[in-house]
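Chemist: Could you have a look at this structure, given as structure tokens, before my questions?
The values are calculated or read from the model by the stated rules, or taken from the named source; none is laboratory data. Every value quoted in this text rests on a predicted model; they were computed, and no experiment measured them. FYI the Cβ positions are ideal-geometry reconstructions off the backbone, even for glycines, and counts take in every protein chain you see.
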Amino acid sequence: MTSWFVVQTKPNAFETTRAGLDRQGYLSFMPLQRVTKRSRKGLQTSLRPLFPGYLFLSGDEDKMNWRAISYTRGVRRILLTPSGQPAKLPTDFVTELSRMTDDQGRLEAAAKFDPGDDVRVVNGPMAGWAAKVLALSDTNRIRLLLDVMGRMVPFEVAIRDIEPDRAHTC
């Protein structure tokens with residue numbers, strides 16, 4: 001029976017850990033999200049783990065060699081239940097999460113937005129700003145209205161760069 005488990009990795013060791021687990025015949029999964037941060041060089045967009053320091057591991061639970069997994073380079077520990085057994089993840093959780101990602105593990109926009117919805121920009125130069133959905137396009141972009149110094153200004157961003165904002169209305 002194939003199950004999903006959680007492995008905690010050492011800092012910045014995801015690729016090393018994944019390569020080691022792949023060599024042992026296990027399937028590993030770490031969903032990534034785009035994050036934009038301001039730096040001295042301007043805005044920098046990079047892929048970051050949705051759950052930093054953790055990856056999901058799949059295999060036939062009866063045939064998994066837990067000792068080999070725990071000694072794989074980059075593995076800090078395997079998450080355990082209170083009884084000391086490796087903790088299984090609900091299959092629906094991993095299935096739904098993988099459905100929301102592309103073939104490289106990058107999260108795609110999961111939420112559907114309608115004109116008039118309140119949203120918050122989470123990436124890009126307007127990160128942190130509240131906005132109202134103006135219109136959707138076919139190219140994974142969305143047109144927003146931002147309140148800039150008391151004036152509503154149209155702005156376009158990728159759908160993956162916004163999230164619903166129920167706390168604020170424009």
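Chemist: State all residues of the range 96-113 that are touching a Leu at 6+ places or on another chain (Cβ under 8 Å), surrounded by fewer than 16 Cβ atoms within 10 Å (Cβ to Cβ) and under 29 Å from G42 (Cα atoms); if no residue qualifies, say none.
Modeler: Correct list: Q104, R106.
Chemist: Please go through the range 72-130 and give me each residue that is among the aromatic types (F, W, Y) and not in a loop (DSSP other than H, G, I, E, B), ordered by number.
Modeler: F93 - this is the single residue of the range 72-130 that is among the aromatic types (F, W, Y) and not in a loop (DSSP other than H, G, I, E, B).
Chemist: Right, something else. State yes or no: is A135 surrounded by fewer than 18 Cβ atoms within 10 Å (Cβ to Cβ), at pLDDT 80 or above, outside any strand (DSSP E or B) and of a type outside the set (S, T, N, Q)?
Modeler: No; evaluated as a whole, the condition is false for this residue.
Chemist: Under 7 Å by Cβ, and 6 or more places apart or on different chains, what pairs join a residue from the range 70-87 that is under 18 Å from P52 (Cα atoms) and not assigned by TED's automatic domain parsing to the domain that holds P11 with one that is among the hydroxyl-bearing types (S, T, Y) and surrounded by 11 or more Cβ atoms within 10 Å (Cβ to Cβ)?
Modeler: Here the result reads none, with nothing in the range 70-87 linked to a residue that is among the hydroxyl-bearing types (S, T, Y) and surrounded by 11 or more Cβ atoms within 10 Å (Cβ to Cβ).
Chemist: Could you grab me the full set of residues in the range 22-38 that are out of contact with any helix residue (DSSP H, G or I) (no Cβ under 7 Å at 6 or more places or on another chain) and touching a residue at least 12 places away in the same chain (Cβ under 8 Å)?
Modeler: Matches in the range 22-38: G25, Y26, L27, L32, Q33, V35, T36.
Chemist: Continuing with the same structure: Please give the number of the condition F93 fails out of (1) under 13 Å from V6 (Cβ atoms); (2) surrounded by 14 or more Cβ atoms within 10 Å (Cβ to Cβ).
Modeler: For F93, the failing item is (2).
Chemist: Exactly one of (1) in contact with a strand residue (DSSP E or B) (Cβ under 7 Å, 6 or more places away or on another chain); (2) exposed (fewer than 13 other Cβ atoms within 10 Å of the Cβ) is unmet by M149. Its number?
Modeler: It fails just one condition, (1).
Chemist: When you scan the range 17-52, how many residues do you find that are over 16 Å from I78 (Cα atoms), β-branched (V, I, T) and out of contact with any Pro (no Cβ under 9 Å at 6 or more places or on another chain)?
Modeler: Adding up the residues that qualify gives 2.
Chemist: Oh, and also: Just one of the numbered conditions (1) out of contact with any His (no Cβ under 8 Å at 6 or more places or on another chain); (2) within 30 Å of I142 (Cβ to Cβ); (3) surrounded by 11 or more Cβ atoms within 10 Å (Cβ to Cβ) is not true of G116; which one?
Modeler: Failing condition for G116: (3).
Chemist: Right, here's the next one. Within the group T72, T81, which residue is out of contact with any strand residue (DSSP E or B) (no Cβ under 8 Å at 6 or more places or on another chain) and surrounded by 15 or more Cβ atoms within 10 Å (Cβ to Cβ)?
Modeler: Sole residue among the options that is out of contact with any strand residue (DSSP E or B) (no Cβ under 8 Å at 6 or more places or on another chain) and surrounded by 15 or more Cβ atoms within 10 Å (Cβ to Cβ): T72.
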